[in-house]
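As structure tokens, the structure follows; a few thoughts come after it.
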Amino acid sequence: MSKPFDMELFLAGVLTGSHATRQRHVRQAQIIQAEIAERWQRETPWTWQSKHLNWFLQHCLSRRSEATRYYYLLTVKLLVRRLEKSWTFNL
């Protein structure tokens, strides 16, 4: 039996800001991870491709407010920085 993926540990190197901001990024990253895992069966960020995050931003956030989409975009940018990729996303 494998251990569940620890998103907080994964993001620890790139998280900055207040405690509340860090917790928001971790919570949103866990939501992103759950959605991608359900749709694409990709359990960890190491297996994600740009299309997975783009799908999340376009499909899962389509009915959310502009502010919510912005905050999720910031979290996605942290994930991309942690993965050391050069992916870019637009809302």
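The values are calculated or read from the model by the stated rules, or taken from the named source; none is laboratory data. Note that the coordinates shown come from a computational prediction; the quantities given were computed from them, not determined experimentally. Backbone-built Cβ (ideal geometry, glycine too); neighbour counts: all protein chains shown. To get the accessible areas, we keep the full protein, side chains included, count just its heavy atoms, and leave off ligands, DNA and RNA. Shrake-Rupley method; radii C 1.70, N 1.55, O 1.52, S 1.80 Å.
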Any residue in segment 6-21 that's more than 15 Å from Pro45 (Cα to Cα): show its pairings with residues that are among the small types (Gly, Ala, Ser) and open to solvent by 80 Å² or more (accessible area, probe 1.4 Å) at Cβ separation under 9 Å, as long as the two are six or more apart or on different chains.
-> none
Please enumerate the residues belonging to segment 1-30 that are aromatic (Phe, Trp, Tyr) and at pLDDT 95 or above.
-> Phe10
Within segment 36-55, of all residues that are assigned to a loop (DSSP other than H, G, I, E, B) and of a type outside the set (Ser, Thr, Tyr), the one least open to solvent (accessible area, probe 1.4 Å) is Trp48
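Return a yes/no flag: does segment 65-72 have any residue that is assigned to a helix (DSSP H, G or I) and under 22 Å from Asp6 (Cα atoms).
Among the residues of segment 65-72, at least one is assigned to a helix (DSSP H, G or I) and under 22 Å from Asp6 (Cα atoms), which makes the answer yes.
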List pairs: first in segment 51-78 and closer than 23 Å to Gly17 by Cα, second open to solvent by less than 60 Å² (accessible area, probe 1.4 Å) and small (Gly, Ala, Ser), Cβ under 7 Å, 6+ apart or cross-chain?
-> Thr75/Ala29
Name the one entry in Gln33, Gln58 that is surrounded by 16 or more Cβ atoms within 10 Å (Cβ to Cβ) and at pLDDT 95 or above.
-> Gln33
Residue that is touching a helix residue (DSSP H, G or I) at 6+ places or on another chain (Cβ under 7 Å) and basic (Lys, Arg), where the choices are Arg63, Arg82 = Arg82
Within segment 18-47, count every residue that is of a type in the set (Gly, Ala, Ser) and over 16 Å from Val76 (Cα atoms).
-> 2
Exactly one condition in (1) touching a Leu at 6+ places or on another chain (Cβ under 6 Å); (2) in a helix (DSSP H, G or I) is not met by Val14; state its number.
-> (2)
